[in-house]
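**Student:** Quick one: structure below, then a few questions.
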Amino acid sequence: MSSPTRAASTSLADGAWHRLHPATPLFRGGIFMVAVLGFILANLRERLVDFFFRVPTYGGDPLDEIFRRGAVGWALLAIAVVLIVILVVFYLMWRMHTFRVDAESVEVRSGLLLRSNRRARLDRIQGVNISRPLVPRLFGAARLDVSVAGQDATVQLAYLGSAVADELRRDILRLASGAKQAAAPIAPTDAAPPSDAHPDALHGSAPAHGFEGASRFAAARVQEFLSPELDPDAAPPASVVRIPPQRLAGSIVFSLSTLVLVTLAVVMAVRAATGNPDWLIGAVVPVLGGLGYSFSRFTKSLRYSIAGTPDGVRVGYGLLSTNNETLPPGRIHAIHVFQPLLWRPFGWWQVRINKAERSANRGAAGQAASTTTLPVGTLADVMKVLELILPGYDDDQARALVTQGLLGTGHAGDGFANAPRRAAWRRPLSWRRTGYAVDDGVVLFRRGVITRDLMLVPLARLQSVGISQGPLQRMQRLASAKLHTVAGPVTASLPVVAQAQALVLFQALAAGAVASAEADTTHRWRSERAAAPAGTGTAGAEGAGA
Amino acid sequence: MSEHQAVMGDGQAGQAQADQAQADPHSAEPLAPAPADGPRLELPAVGEWKRVSPKYVVVEVVGTLLFGVAACAAAAVLWLVADQQWAIYPGAVIAVGVLVTVALEPRRVRSIGYQLRDDDLLFRRGIMFQRFVAVPYGRMQLVDITRGPVARWLGLADLKFVTAAAATGVAIPGLPEAEADLLRDRLVELAESRRAGL
């Protein structure tokens, strides 16, 4: 991270108001609007002319009619006026849409008539996401989302030049980390008008003149499009986890939805062979839908990479539209590692997480919000990912516990407090494996045999802990436990645990949560641990940019 | 509690007996560590539980009765006016359910308890379905005080401790209004001094 560009970069994080990429209104639906307008005009022009001018009878094409009446000039003028109005509105929208980044917050203000102003405090950042939908990506633009905790609480900077977005993310993360650096002088200038100080930076390329400029622009775009998704300098290669496409394809083929699809297809084929074509048509739709879903899941997860950077975990994915999210340390509230039955022969696992940020982005693998950290990976990949998302939890004991938690069958002395034999009838298959472990600030819940599950919750993120007991459980001196974390796909609960063990767990977690929360400094993750080893395994990069 | 243990033996604790164990709410819980595997879920070595006002029973009973009366009235209308014979049965079931709930209400209210420990709030409720929750003060996002019509008439208020996790569900109902305000201020103060991130 100690690239010389940091010092030399024309930082946008200087506290002054800046504007977005000039083509922003087009990317934000303008292209779509123009296309729709064109479509409507092309298809309905007779009807429209009829509707607006009450000329019910004209021969054939309305263009001929206009020509015949000698109104060509007026028609052209009308079109010109509409175009100019659209352009002016777009221009004004762009003028009014400004953002600024200072040491405390990221702020965006926008809107012509309805002014809106959104501000996110940097020490509350839950994640920084750069996404490049296909069309903006072709033009070298990217969207930067700074999310804070809450439902859809993101400050969106859409769109920025691609390179600018990368640079701004680095600056925002640096400011948020609390690292003591004097790289960028921060001078908030509230009243100052928005400056166009960095037009080059916003365009993402040098000012273009004529053909030469255009070709240079195109060349830059192509280079950007083909460049690796993850900047090789950003993370040590050892910490990068990638997914081979064939494994990704395999993971989708060997999934429950595929099984259902195949069953449906077989049933359809049989029915078609026995002759019942009417029924067939209704069944084709879900099959096609399922295929489309699987395909989009595949393309979205292509080029998946997870890497540790000094400012947290970076998860990037996407082939045509790309997405690239940075989660600073301590922003992950619960982790779920699981293995569906069909994946067991291959030894594949999936990792999902809970985060406080609930973004409206569609994540990889089709899930709402990017909560799938590893769509499919081997045991070694899982270990690497856990190291990245649970910084500091990577000693030998932790590895042994996680391995037991994933693969263990639940014998005595495997580090987990497992359910007693009297609970066997409740979980006939998995009672041996149903248990918990508390180790070094992390709680592990293990359960499930058909689908193997392991939940990990860092105590520093635990909101509260609850144990409960119903009448039947009381007769058997059993109880259940639940860890309360922020909402997400992961629910860390233990359906059955011995009553005495539940009490031990409750007391350990009640005390541990308080202690861990007190020791936690991740809201300014680089400020107070300058001397401590970096959690993300990239200690060498710490403070290198100072 | 020790005498109940002898009665109930191992795994044979009937529900009625288990409820009796809870029947005397104002007695202090044993301060010494309870036997590791007692007859029911009970935290060892905790201080005295603070209970909610006994008047809160009225609030619960009124709510339950209102629901019961409305449901029975609907059933009666169906039966007598619309001549739907079957409506008697759900009506009767609801009526019995309401009466049983009302009968158990005092016990359920007495089972609600909370404690302000050094660093966290401890909460319990339920007899048949027991639940214990510990929330560190630093996790507090906000404290909510609400007063329903009946509760206001009785001078009671409900206090809700909200964290970033929806599942926490710590709601202390039926506090005298002054006590609820005091508790809220105290909780905010404690949370301020132990501020933690999310």
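Coordinate-derived values only; no laboratory data. Just so it is clear, the model here is predicted, and its values are computed rather than measured. Heads up, the Cβs are rebuilt from the backbone with ideal geometry, glycines too, and the neighbour counts pull from every protein chain shown.
**Student:** Given H placed on each backbone N at 1.01 Å, which residues far from A:Gly150 in sequence or on other chains put an amide H within less than 5 Å of it?
**Tutor:** Sorted by chain and number, the residues that satisfy this are A:Glu357, A:Arg358.
**Student:** Further, regarding this structure: For a quick size check, give me the Cα extents of the range A:244-301 along its three principal axes, largest first, whole Å.
**Tutor:** 42, 16, 14
**Student:** Let me ask something additional. Taking K and R as +1 and D and E as -1, what net charge do the other residues with C-beta under 13 Å from the C-beta of A:Ile335 add up to?
**Tutor:** Numbers: positive: A:Arg331, A:Arg352, A:Lys355, A:Arg446, A:Arg461; negative: A:Glu387, A:Asp453.
That works out to +3.
**Student:** Express the relative contact order of the range A:332-519 as a whole percentage, based on alpha carbon pairs under 8 Å and six or more residues apart in sequence.
**Tutor:** Averaging sequence separation for qualifying contacts and normalising by length gives 21 percent for the range A:332-519.
**Student:** Mind sorting A:Asp145, A:Asp166, B:Asp144 by how few other Cβ atoms lie within 10 Å of their own Cβ, fewest first? Kindly include the intermediate steps, with their values, before the conclusion.
**Tutor:** Values: A:Asp145 21, A:Asp166 17, B:Asp144 12.
Exposure proxy ranking, most exposed first: B:Asp144, A:Asp166, A:Asp145.
**Student:** Mean 1/r over all different Cα pairs, inverted: what Kirkwood radius does the range A:332-519 give, in Å? Can you show the working numbers first?
**Tutor:** Working: mean 1/r = 0.0595 Å⁻¹.
Result for the range A:332-519 stands at 16.8 Å.
**Student:** Taking the number of other C-beta atoms within 10 Å as the exposure measure, put B:Leu122, A:Leu462 in order starting with the fewest.
**Tutor:** Values: B:Leu122 21, A:Leu462 30.
By the 10 Å Cβ count, ascending: B:Leu122, A:Leu462.
**Student:** Quick check: net charge around A:Asp414, other residues with Cβ under 11 Å of its Cβ, Lys/Arg +1 and Asp/Glu -1?
**Tutor:** Values: positive: A:Arg432, A:Arg433, A:Arg446; negative: none.
Result for the neighbourhood of A:Asp414: +3.
**Student:** Sequence neighbours fewer than 8 away in the same chain don't count; with that in mind, list the lysines whose C-alpha is under 23 Å from B:Lys160.
**Tutor:** Once the sequence-local lysines are set aside, what remains near B:Lys160 is A:Lys482, B:Lys50, B:Lys55.
**Student:** Also, quick follow-up: So what's the net charge close to A:Arg427: Lys and Arg +1, Asp and Glu -1, counting the other residues with Cβ under 11 Å from its Cβ? Each step should come with its number before you reach the end.
**Tutor:** Working: positive: A:Arg426, A:Arg432, A:Arg433, A:Arg447; negative: none.
Here the charged neighbours net out to +4.
**Student:** For the range A:332-519, build the charge dipole from Cβ charges (+1 Lys, Arg; -1 Asp, Glu) around the Cα centre, then report which of A:His333, A:Leu406, A:Leu379 sits farthest towards its positive end.
**Tutor:** A:Leu406
**Student:** Work out the length of the dipole vector of the range A:332-519 about its Cα centre, built from +1 on the beta-carbon of each Lys and Arg and -1 on the beta-carbon of each Asp and Glu, and round it to the nearest 20 debye. Present the calculation step by step, with values, prior to reporting the outcome.
**Tutor:** Details: 20 positive and 11 negative charges, 202 e Å.
Computed charge dipole of the range A:332-519: roughly 980 debye.
**Student:** Just how far, in whole angstrom, is the range A:462-481 from the range A:94-163 if you go by their alpha carbon centroids?
**Tutor:** 44 Å
**Student:** Among A:Thr409, B:Thr163, A:Thr521, which comes first, second and so on when ranked by fewest other beta-carbon atoms within 10 Å?
**Tutor:** Working: A:Thr409 10, B:Thr163 23, A:Thr521 17.
Ordered by Cβ neighbours within 10 Å, fewest first: A:Thr409, A:Thr521, B:Thr163.
**Student:** Still on this structure, I have one more. Counting pairs of alpha carbon atoms under 8 Å apart in space and at least six apart in sequence, what relative contact order in percent does the range A:287-341 give? Write out the running numbers ahead of the final one.
**Tutor:** On the way: 58 pairs, mean separation 12.8, N = 55.
Reported relative contact order: 23 percent.
**Student:** Taking amide hydrogens as modeled 1.01 Å from N in the peptide plane, which residues meet the under 5 Å criterion relative to A:Tyr159, leaving out close sequence neighbours?
**Tutor:** Those lying under 5 Å, H to H, from A:Tyr159 are A:His21, A:Thr24.
**Student:** Moving on. Can you find, among A:Ala487, A:Leu429, A:Leu456, the residue sitting farthest towards the positive end of the charge dipole of the range A:332-519, where Lys and Arg contribute +1 and Asp and Glu -1 at Cβ?
**Tutor:** Looking along the dipole axis, the top candidate is A:Leu429.
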